[in-house]
Amino acid sequence: MNDEVEMSALLGVHPAQFLAVVDIPEFTWDAECVVLYADVRSLWLGNSSASEESFAKYVSLLPAYEQLALKKYHFRSDAVQHLVSLLLQHAVISQLQGIAWKDSRITRSTSGRPSYQSARFDYNVSHHGGLVAIGVRTVNSKRIGVDIVDIDEATKNWRSGWENDFHDVFTENEYKTILSERDSYKIKRRLFTFWALKEAYTKAIGVGLLSDLKSVEFTNVGDIDVSGLDHYSKTLCKVNGEPIDWRFELFALEKTVIMAVATSNDDLLENKTSVKLINLQDIIKAVHSVT
Ligand SMILES: CC(C)(COP(=O)(O)OP(=O)(O)OC[C@H]1O[C@@H](n2cnc3c(N)ncnc32)[C@H](O)[C@@H]1OP(=O)(O)O)[C@@H](O)C(=O)NCCC(=O)NCCS
């Protein structure tokens, strides 16, 4: 046990509260469920020396084996999203576990789900269209899953007839609800709302898209939109026909970007996930706060 953990145990507070980083408000863990998300598009363009320099600076914060793994990405955009995903994971692990940055280790399950071994918290990452989000269940290790979708990015190569491509993913009832909308863009938005909910749940339990997605059925799915209903939490879910006691939240983050957060209702006291947009610079501060 390190000093911070030992001291927090004596004081009866969570190590993260003891470690709270006063000058980075976004990195205080004052809610049961927190999503931090960053816009990484400024690091996408590899042709300016400023963006090359910051890319290299962020890469240097990772352990050598993770730096090496970044090289496998063909597209700079994918490498950047994975890079920031790893930085956010290390920031969460070091702060919530109360350990030094260099001691943070990410382990992966056989299906690829990352976690920190024997952590008292749980987290899950999603990245798409230049946004990277980490959802954290901060005070116990009950599962959380997150999925972020940029509808324009996801549908940019779609051809006519796409409405018939999802019979392996959605149940008859879900399909009916999705296609009951008339406007083609709204149909796509609704389709990806159902999609994000399925991914968030299957990522929470760790199976990802390997599972039978039609065994998970959603009802009461809200049409979220930044200019209207930007948060919705009344969605219900059945797995193999049985209702499950989970909370499903939908957030509209940008005009074309939606996010689903799934977590078990077990031991949950608060009714809303706290969502914070963070700067890439804040990640650097978070690193230095625990080094
Ligand atoms: C998990 C999965 C749904 C991610 O889909 P996606 O649309 O590409 O990506 P997202 O941006 O939403 O999520 C990516 C993140 O999910 C996390 N992840 C990976 N596998 C996961 C799993 N089985 N369960 C939960 N989360 C997982 C990782 O943190 C990953 O980001 P990172 O690589 O930067 O750490 C998809 O990869 C999947 O179905 N995997 C499961 C099984 C599989 O194919 N495994 C291959 C290795 S055996």
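Just so you know, all these numbers are worked out from the coordinates, no wet-lab data involved. Just so we're clear, the structure is a prediction, and the values are computed from it rather than from any experiment. When we count neighbours, we look across all protein chains shown, and the Cβ atoms used for this are built from the backbone with ideal geometry, even at glycine.
Numerical summary
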{"item": "Fewest-first ranking of Lys142, Lys214, Lys57, using other Cβ atoms within 10 Å as the exposure measure", "result": "Lys57, Lys214, Lys142"}
{"item": "Counting all C-alpha pairs of the chain, share separated by more than 26 Å (%)", "result": "45"}
{"item": "Sequence-distant aspartates and glutamates (8 or more away, or on other chains) whose Cα lies within less than 12 Å of Lys176", "result": "Glu163"}
{"item": "Rg to Rh quotient for region 220-286, alpha carbon positions, Kirkwood Rh", "result": "1.06"}
{"item": "The chain, relative contact order [Cα under 8 Å, separation at least 6], %", "result": "21"}
{"item": "Length-normalised contact order of region 46-205 in % [C-alpha pairs under 8 Å, at least 6 apart]", "result": "16"}
{"item": "Entries in Lys186/Lys234; Lys102/Lys203; Lys71/Lys203; Lys156/Lys255; Lys142/Lys203 that, when Cα-Cα distance is taken, lie over 18 Å", "result": "Lys186/Lys234; Lys102/Lys203; Lys71/Lys203"}
{"item": "In degrees, nearest ten, helix 76-97 long axis to first principal axis of the chain (Cα)", "result": "60"}
{"item": "Cα extents of region 143-266 along the three principal axes, largest first (Å)", "result": "40, 30, 22"}
{"item": "Value of relative contact order over region 213-291, rounded to a whole percent, pairs C-alpha under 8 Å and six or more apart", "result": "22"}
{"item": "Gaussian network model of the chain, springs between alpha carbon atoms under 10 Å - residue of Thr273, Thr177, Thr193 with greatest fluctuation", "result": "Thr177"}
{"item": "Degrees separating the helix 184-205 axis from the principal Cα axis of the chain, which is the longest one", "result": "50"}
{"item": "Estimated [θ] at 222 nm from DSSP helical runs (n ≥ 4, -39500 (n - 2.57)) normalised by residues in the chain, nearest 500", "result": "-10500 deg cm²/dmol"}
